[in-house]
Amino acid sequence: NRDKKNFGKVFEEHTFDPETGKIYLKNDEIALVYYRTGYTPDDYTSERAWQAREILEFSQAIKCPSIDFFLINFKIFQLFFTMNEEDLKRFVEDASERETIRSTFAEFYPIDTSEHLSKMIKEVRKHPGKYVLKPQLEGGGHNFYGKDILTQLEKLSVSEAKGYLLMQKIDSNPSTGFMVRDEKLITLPVNSEMGIFGYVISDKEKVIKEEKVIKSGTGGALLRSKSAQANEGGIMTGFG
């Protein structure tokens, strides 16, 4: 059976067996939890919502994604990997493979202290087109570009700035693309991004150890394109 529930309903209707880790909704055991929400703090509208997420995570149901794989997508981890090779070495032992991976990284800059914040404001004021300001959120549609970065940084407190990272802007070479707008075919310069669908099924304990990975691989790819003049892109984020 397949059912769709918000966190509030999960909390109200669930039964959890702490000895087996099994969780039930109306006497049906939950085998797989696929999150369509819960990716930003705003998705947790009550204490019950947070408790429901905690219960789901402690259950033996397969989570997609589990909390550890969800957190690894936060941009702060990209910062760690770009600034400290030792962090990457924990996961990639081969030096040549590690160097190849690092060659694809854009630069990230922390703004978690008053010194960092002041330094980045001065840098962005000189070169506003070189950076993108990104919040610690899942998905797109929340970034700042150009002079908007400076406006945002100047109104942030140091505490608020910790929720952002400054990233080197990637300048792509546009290609000619074809798009349909208002039922009309148009030709325009576009930038494209290749996304790889990957999957990993692992034990919930010590997932970085190879013996804990049950199965992993790739399941296809998606090429998304947007106008070369657009900063944001994506149908799901309202920029399609």
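With the charge dipole of the chain set up from +1 on Lys and Arg Cβ and -1 on Asp and Glu Cβ about the Cα centre, the Cα lying farthest toward the positive end among the listed residues 180, 213, 105 is that of 180. Phi angles across region 216-229 convert, under the Karplus curve 6.51 cos²θ - 1.76 cosθ + 1.60 with θ = phi - 60°, into 3J(HN,Hα) values of 8, x, 10, x, x, 8, 9, 9, 10, 10, 9, 4, 5, 8 Hz, Gly and Pro given as x. Solvent-accessible area of residue 32, all protein chains in place: 110 Å² (probe radius 1.4 Å, heavy atoms, ligands and nucleic acids excluded). Rg/Rh for the chain (Cα atoms only, Rh after Kirkwood) is 1.00. One way to sum up the overall shape of region 86-135 is the equivalent ellipsoid from its Cα gyration tensor, whose semi-axes run 29, 14, 8 Å, largest first.
Accessible surface for the chain, divided over its residues, is 70 Å² per residue with a 1.4 Å probe. Distance between the modelled labels on residue 221 and residue 114, one decimal in nanometres: 4.9 nm (7 Å Cα→Cβ projection). Here residue 99 and residue 76 are evaluated by their C-beta separation; at R0 = 22 Å the FRET efficiency comes out at 0.45.
What percentage of the solvent-accessible surface of the chain, computed with a 1.4 Å probe over protein heavy atoms, is contributed by carbon and sulfur atoms? The computed percentage sits at 51.
Using Cβ point charges alone (K and R +1, D and E -1), the dipole size of region 43-183 about the Cα centre works out to roughly 540 debye.
The values are calculated or read from the model by the stated rules, or taken from the named source; none is laboratory data. Owing to the predicted nature of the structure, the values given are computational and were not obtained by experimental measurement. Virtual Cβ from ideal backbone geometry, glycine too; neighbours counted across all protein chains shown. To get the accessible areas, we keep the full protein, side chains included, count just its heavy atoms, and leave off ligands, DNA and RNA. Shrake-Rupley method; radii C 1.70, N 1.55, O 1.52, S 1.80 Å.
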